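These notes concern the structure reproduced below.
The values are calculated or read from the model by the stated rules, or taken from the named source; none is laboratory data. What you see is a predicted model; the values in this text were computed from it and never measured. Cβ atoms come from the backbone with ideal geometry, glycine included; neighbour counts cover every protein chain shown. Ligands, DNA and RNA are excluded from the accessible area calculation, which covers all protein heavy atoms including side chains. Shrake-Rupley method; radii C 1.70, N 1.55, O 1.52, S 1.80 Å.
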Amino acid sequence: MISIWFFIGIALAVNGALILIAGLYQLINPPANPNIVLYSLHANVWWGALLLVIGLIYCLRFSPKRS
């Protein structure tokens, strides 16, 4: 039986990777006139990386091969 936390880890890792890629793309190609107040913090890069790391930890911790 596969733990639900393994699938949650996959979901977190995939969403984190997508957010991180979008954030890195936005760093390379910044918008001409950003209307976001705290644009300089690049929250999508930080949150994408955090979600990716947490998702990978969940995937490794609750891997079906470990049980």
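Here are the numbers:
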read-out: Qualifying residue in segment 3-21 (condition: of a type in the set (Gly, Ala, Ser), farther than 26 Å from Arg66 by Cβ and part of a helix (DSSP H, G or I)); value: no
read-out: Breaking point among (1) part of a helix (DSSP H, G or I); (2) open to solvent by less than 80 Å² (accessible area, probe 1.4 Å); (3) out of contact with any Gly (no Cβ under 9 Å at 6 or more places or on another chain), for Ala49; value: (3)
read-out: Scope segment 16-67; condition hydroxyl-bearing (Ser, Thr, Tyr) and more than 25 Å from Ile2 (Cβ to Cβ); matching residues; value: Tyr25, Tyr39, Ser40
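A quick yes/no check of all residues on (1) open to solvent by less than 80 Å² (accessible area, probe 1.4 Å); (2) aliphatic (A, V, I, L, M); (3) assigned to a helix (DSSP H, G or I); (4) in contact with a His (Cβ under 8 Å, 6 or more places away or on another chain):
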position: Pro31; (1), (2), (3), (4): yes, no, no, no
position: Ser40; (1), (2), (3), (4): no, no, yes, no
position: Tyr58; (1), (2), (3), (4): yes, no, yes, no
position: Lys65; (1), (2), (3), (4): no, no, no, no
